[in-house]
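For reference, the structure discussed in these notes is given below.
The values are calculated or read from the model by the stated rules, or taken from the named source; none is laboratory data. This one's a predicted model, so the numbers in the text were calculated from it and none came from an experiment. Here the Cβ positions follow ideal geometry from the backbone for every residue, glycine too, while neighbour counts run over all protein chains shown.
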Amino acid sequence: MSSLDTRDRSQDPDDPRDESKAERDDRNLAELLQELRVAGLGVQVLFGFLLSIPFTSKFSDLSHGQRQLYIATLVLAAVATALLLGPVAYHRIVFRQQQKERLVRAANVMAIAGLAAVGLAVSAAILLVTGYVDHGLPSVLITVFTACLFAGLWFALPLASRAGRRRGERADPQTPRTPSQISPPADPGGPAARGS
């Protein structure tokens, strides 16, 4: 590798892509923005639907508690919209300011928080609708199932996969490791060497 080569492979030695830091940042940003397009469209549809509800004739039939739930759902949808569109605004403001890595990190946090807000907004909307249609236990069970489905698919499954990958890397002696991952050698005069 020459001194003019700007390749930085220290981030993930197992990554087969031969890309510079700038290329990696570009790829990460493009992938993230594509994901946000999909998620943003869904939450905007929910938000638009929620905005139209008060103008229907049945809105006056809602109880005080249902109206409060509606407001909470509307606020969650607005928060989700702001978080999922936040990276786009951030990108526009820092465009050509050499801040792509910082942008990707901030956008990742906003995207995760935005997805959590979407899951909560959809679950609250499910509770609002099912509570209007059928009061009591069925609406609660359907809402709990929906919230658990979002939490499981969007957060628990990826986090478990991520933790499993890390455990697998530590268990596999053939996996190349960075110096910070290598534990110091055992003390030759320690308890195991003395037979205690």
Can you run down the residue pairs with Cβ atoms below 7 Å, 6 or more apart or on separate chains, where the first is in segment 92-103 and at pLDDT 80 or above and the partner is assigned to a loop (DSSP other than H, G, I, E, B)? L103/V94
Does F155 fit the bill of being assigned to a helix (DSSP H, G or I), surrounded by fewer than 16 Cβ atoms within 10 Å (Cβ to Cβ), at pLDDT 90 or above and not charged (D, E, K, R)? yes
Based on what the data block shows, is A80 out of contact with any Pro (no Cβ under 6 Å at 6 or more places or on another chain) and among the small types (G, A, S)? yes
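Being small (G, A, S) and either touching a residue at least 12 places away in the same chain (Cβ under 8 Å) or under 30 Å from S57 (Cβ atoms) (or both) narrows it down to one of A147, A160, so name that one. Spell out how you get there, then give the answer.
Values: A160 fails: either touching a residue at least 12 places away in the same chain (Cβ under 8 Å) or under 30 Å from S57 (Cβ atoms) (or both).
The conditions single out A147.
Table: residues versus (1) among the β-branched types (V, I, T); (2) farther than 17 Å from T130 by Cα; (3) touching a Ser or Thr at 6+ places or on another chain (Cβ under 9 Å); (4) in a helix (DSSP H, G or I).
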site	(1), (2), (3), (4)
F49	no, no, no, yes
S52	no, yes, no, yes
K58	no, no, no, yes
V75	yes, yes, no, yes
V88	yes, yes, no, yes
R92	no, yes, no, yes
F95	no, yes, no, no
